[in-house]
C-alpha cells in the first residue's frame, strides 16, 4: 500500500512498474535530435484527418496501441485508462480513446498530464484499485495554437520567450507484472502562481511550480540532486530552465549538473525555429515514453525524477486578464 512520507511525497511500497511505453511525433519533431527514437513518426501532421483535433486524437490512438503491443496486451487486459490533453473538455483523449472500451478517468493537468497520469496510475495499482492502468497524453501544434493564441493562417510574430507546442503523444502501461521500470515514489504538486500573465512566456509561469515540487521531494525524502542520474522537467524550455536553476539555488539545491528538459531536447534550437524550445503535453509524453524509457531499460539511467509542469490557464482566463497558475507533479523511477 502507498505510504506518505513528509508533507507531500508518497512511497510506492509494492512492485509497480512502467511495463511498456510508446511515444509518437509529428514532422517537425522527427526532424529534431530525437527523431530516430520515436516509435512512430508522421510526414504529414494532419495524419490524413479532416481537422487538427482529429489528428491529435489519432496520435493518442497510435501511442496507446503501440504501448499495448509492446507489452503483448490488449485493451481487455487494462483495468483503467487515465488520459488528458490541452483542448477544452479533453476532446483529444475522449474521442481518440473511446473505441478501446477501457474504463476511463479524464485528466487535466495541462502540460503536467504525463506525470499526473503516471502518478495516479501508480497509486491505483499500489493501492489495489486495479492491476493495470494506461496513462496517455498528447498535444498538437495546430490544435493548441487555434485554441490558445491565434489562427494558424494569421502568421503572427512569436516572441523570443515563446515555445513551440509539440505535435506528439505518449502512452505508458503501469501494472504489477514486475516487468519494466519500477515507480518508487511520487510527489503531488500544488498550485503556484507568481502572477505571470504573458501566455508567450510559459517557462516563467511554470518554473516556480517545478522548483516547489522538486524542493518538497528532496525535503520529504532527505535526498539531494546528486542521488539521481537525471532530473527531467517536462517543457520549461530554455527560459524556464534557467529560472528553475535560480529558484532551486535559492532553496539550497543545485540541479544544473543532472537536469535536462524535454522542451530543450526535442528540437534543435539552432536549426529549427522554436525560440525557447518545445512545450505541450506531447512534449514530455513523447520524449519520456520513447527516448528516456529506452535509456532506462538499457541501464543508462537507473534513478531519475520526472517532473512535468503545466500552466492551468484557459483562453477565457487569459482574455479576462488573469495570471497563469502552474503546477508540477513528480514521479521517481528506478530501473
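The values are calculated or read from the model by the stated rules, or taken from the named source; none is laboratory data. Computed from a predicted structure; not experimentally measured. A quick note on method: Cβ atoms are made from the backbone with ideal geometry, for glycine too, and the neighbour counts reach across all protein chains shown.
Couple of notes before you dig in:
- Considering only residues in segment 315-326 that are exposed (fewer than 15 other Cβ atoms within 10 Å of the Cβ) and in contact (Cβ under 8 Å) with a residue 60 or more places away in the chain, the one that is nearest to residue 225 (Cα to Cα) turns out to be 322.
- Of all the numbered requirements in (1) touching a residue at least 40 places away in the same chain (Cβ under 8 Å); (2) over 19 Å from residue 94 (Cβ atoms), residue 52 misses one, and that requirement is (2).
- Count - residues of segment 7-25 that are over 14 Å from residue 295 (Cα atoms) and within 16 Å of the chain's Cα centre (by Cα): 2
- Within segment 206-223, at least one residue is part of a loop (DSSP other than H, G, I, E, B), at pLDDT 95 or above and more than 30 Å from residue 75 (Cα to Cα).
- From the list 203, 168, the one residue that fits, being out of contact with any strand residue (DSSP E or B) (no Cβ under 8 Å at 6 or more places or on another chain) and closer than 25 Å to residue 265 by Cα, is 203.
- Just so you know, in segment 249-268 the residues that are part of a loop (DSSP other than H, G, I, E, B) and either out of contact with any helix residue (DSSP H, G or I) (no Cβ under 8 Å at 6 or more places or on another chain) or surrounded by fewer than 16 Cβ atoms within 10 Å (Cβ to Cβ) (or both) include one that is modelled with the lowest pLDDT, and it is 268.
- Restricting segment 117-149 to residues that are in a helix (DSSP H, G or I) and touching a helix residue (DSSP H, G or I) at 6+ places or on another chain (Cβ under 8 Å), the residue that is surrounded by the fewest Cβ atoms within 10 Å (Cβ to Cβ) is 147.
- Here residue 235 meets the list (1) assigned to a helix (DSSP H, G or I); (2) crowded, with 23+ Cβ neighbours inside 10 Å almost entirely, failing just condition (1).
- Residue in segment 159-174 that is surrounded by fewer than 17 Cβ atoms within 10 Å (Cβ to Cβ) and either at pLDDT below 95 or in a helix (DSSP H, G or I) (or both) present: yes
- The set of residues from segment 243-270 being farther than 20 Å from residue 225 by Cβ and touching a residue at least 24 places away in the same chain (Cβ under 8 Å) comprises 266, 267, 268, 269.
- The set of residues in segment 80-101 being free of Cβ contacts under 8 Å to residues at least 60 places away in the same chain and either surrounded by fewer than 22 Cβ atoms within 10 Å (Cβ to Cβ) or assigned by TED's automatic domain parsing to the domain that holds residue 189 (or both) consists of 80, 89, 90, 91, 94, 95, 98, 99, 100, 101.
- Residues of segment 272-287 classified as under 17 Å from residue 36 (Cα atoms) and surrounded by fewer than 24 Cβ atoms within 10 Å (Cβ to Cβ), total: 1
- Output for segment 289-323, where each listed residue is more than 19 Å from residue 89 (Cα to Cα) and assigned to a loop (DSSP other than H, G, I, E, B): 299, 300, 301, 302, 320, 321, 322, 323
- Among (1) farther than 30 Å from residue 134 by Cβ; (2) under 20 Å from the mean Cα position of the chain (by Cα), the one test that residue 186 misses: (1)
- Residues satisfying the stated conditions in segment 1-16, i.e. closer than 17 Å to residue 134 by Cα and buried (at least 23 other Cβ atoms within 10 Å of the Cβ): 16
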